[in-house]
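The values are calculated or read from the model by the stated rules, or taken from the named source; none is laboratory data. A quick note: this is a predicted structure, and the numbers were derived from the prediction, not measured. Cβ placement follows ideal geometry from the backbone for every residue including glycine, while neighbour counts extend to all protein chains displayed. Keep in mind that these areas ignore ligands, DNA and RNA; they rest on the heavy atoms of the full protein, side chains included. Shrake-Rupley method; radii C 1.70, N 1.55, O 1.52, S 1.80 Å.
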Amino acid sequence: MMRIEVVGAGAIGLLFAARLAGAGVDVKVWTRTQRQSELIRKQGISLLNEAGEAVLHADSDWLHPDRVMAHRQEERTWIVLAVKQQAIDAELIDSLRALTASNVGESSILCLQNGIGHLDKLAAELPWVPLYAAVTTEGAKREDERSVRHIGTGMLWISEKAQNLVATGEKSDKAQKMLLKSLRKAGFEASLSNEMENRIFQKLLVNAVINPLTAIFDVANGELPNDKNRLSLMEALHSETYGILTEAGMKDHADSWNNVLEVCRRTAANVSSMLADVRAGHPTEIDAINGAVSKLAAKQGMASPLNDAMTAIITTYSRSK
Ligand SMILES: NC(=O)C1=CN([C@@H]2O[C@H](COP(=O)(O)OP(=O)(O)OC[C@H]3O[C@@H](n4cnc5c(N)ncnc54)[C@H](OP(=O)(O)O)[C@@H]3O)[C@@H](O)[C@H]2O)C=CC1
Ligand SMILES: CC(C)(CO)C(=O)C(=O)O
């Protein structure tokens, strides 16, 4: 028997929890607040898409040390980490430590974050827990505390090997196969990848161009290229970021610029996650996206004026909201 614990009940967390619950998987959702977990437990998760609404039921609790300690786990567990980069702080890591403490060797963490930095942080703090990087191009928007709109279907890539090379034995392989099976049953187009670094860089490139510019211009993804000044800014930011990331190890990708335009087209109605955060007055993932690109550039002795500017503008912008 396998259990999936989704940590973070925002857009992506609710989408994964609802679809997995709908596929009959044993799912528990860990929220930040007691109120949200009670709502989910009592009323279920409302999954909205073009076909209408489905209400799916999943267990839920809030991520408080006492609640986590009381929740002792014996079976094989996958923790699907669905919080933003900036939420991965000492307190959250303590909760993950507690969540995995009662079944060491039986728990693994799947990290769905955009941007970079989180895997190194988690690997340093949880060296005994196998960490798997994932890249998802699904699009989701949280409508309220228990409702999520599935905006766009995409791919889900999961690293073939644990990031921190822990427990990559037969037991882990079996657990990974079970996870894939559950995700596919839930309708996700999930595949294993042995070139995750490249996939993470390619997604970082897309996010480094679309996220800050949609947030600055306050437009949905599809509108971003529909103006010649915005389009030339996109191109310049893409070109700078592409140079930095290929120097850092990303493979050459002749179609990279067209891929950014294709993501804008495919997710035309999306409000990017950064614009959503800016509009809500929440902190953004800018440090893990453009800020991280600037850091890579500095490490390589390269200039990154546009990424530096995006980081400065979004940081100031979201602070003043
Ligand atoms: N949305 C999308 O379509 C996509 C998102 N991603 C990535 O997935 C990740 C999650 O994004 P998304 O779902 O959009 O973000 P949201 O902001 O919608 O959700 C994050 C959730 O994490 C919760 N959270 C924060 N801190 C804690 C904590 N300490 N304990 C428990 N829960 C906590 C928040 O709770 P609260 O609301 O109470 O603060 C919130 O519900 C990001 O890295 C994003 O870049 C990747 C691809 C697509
Ligand atoms: C691909 C994109 C830009 C889709 O909105 C995204 O990942 C995000 O909003 O963070």
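Quick look at the values:
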{"quantity": "Residue list for segment 94-117, filter: open to solvent by less than 10 Å² (accessible area, probe 1.4 Å) and under 18 Å from the mean Cα position of the chain (by Cα)", "calculated": "Leu96, Ser108, Ile109, Leu110, Cys111, Gly115"}
{"quantity": "Wholly enclosed strands (runs of 3 or more DSSP E) of segment 55-169 bearing at least 2 residues within 30 Å of Leu205 (Cβ to Cβ)", "calculated": "76-81, 107-111, 131-136, 139-144, 147-152, 155-159"}
{"quantity": "Count of segment 176-214 residues which are at pLDDT below 95 and in contact with a Cys (Cβ under 8 Å, 6 or more places away or on another chain)", "calculated": "0"}
{"quantity": "Filter result (on the phi < 0 side of the Ramachandran plot, of a type in the set (Gly, Ala, Ser) and in contact with a helix residue (DSSP H, G or I) (Cβ under 7 Å, 6 or more places away or on another chain)) within segment 141-190", "calculated": "Gly152, Ser159, Ala162, Ser182, Ala186, Ala190"}
{"quantity": "Qualifying residue in segment 164-171 (condition: within 16 Å of ligand 2 (Cβ to nearest atom), touching a residue at least 12 places away in the same chain (Cβ under 8 Å) and open to solvent by 30 Å² or more (accessible area, probe 1.4 Å))", "calculated": "no"}
{"quantity": "Test for Leu233: is it at pLDDT 95 or above and touching a Leu at 6+ places or on another chain (Cβ under 8 Å)", "calculated": "yes"}
{"quantity": "Single unsatisfied condition, Arg142 versus (1) away from ligand 2 (no atom under 16 Å from the Cβ); (2) open to solvent by 40 Å² or more (accessible area, probe 1.4 Å); (3) within 24 Å of Gln36 (Cβ to Cβ)", "calculated": "(1)"}
{"quantity": "Lone unmet requirement of (1) within 23 Å of Lys141 (Cα to Cα); (2) open to solvent by 20 Å² or more (accessible area, probe 1.4 Å); (3) more than 10 Å from ligand 1 (Cβ to nearest atom); (4) hydrophobic (A, V, I, L, M, F, W, C) for Ala90", "calculated": "(1)"}
{"quantity": "Where a residue in segment 15-32 is open to solvent by 10 Å² or more (accessible area, probe 1.4 Å) and its partner, wherever it lies, is among the hydroxyl-bearing types (Ser, Thr, Tyr), with Cβ under 7 Å and at least six apart", "calculated": "Ala23/Ser182; Val25/Ser182; Lys28/Ser60"}
{"quantity": "Selection within segment 261-277 - more than 10 Å from ligand 1 (Cβ to nearest atom), closer than 15 Å to Phe217 by Cα and of a type in the set (Asp, Glu)", "calculated": "none"}
{"quantity": "Condition met for Arg319 (within 16 Å of ligand 2 (Cβ to nearest atom), of a type in the set (Lys, Arg) and out of contact with any strand residue (DSSP E or B) (no Cβ under 9 Å at 6 or more places or on another chain))", "calculated": "no"}
{"quantity": "Tabulated pairs, segment 194-215, first closer than 13 Å to Glu285 by Cβ, second open to solvent by 10 Å² or more (accessible area, probe 1.4 Å) and aromatic (Phe, Trp, Tyr), C-beta under 8 angstrom, 6+ apart or interchain", "calculated": "Ala215/Tyr317"}
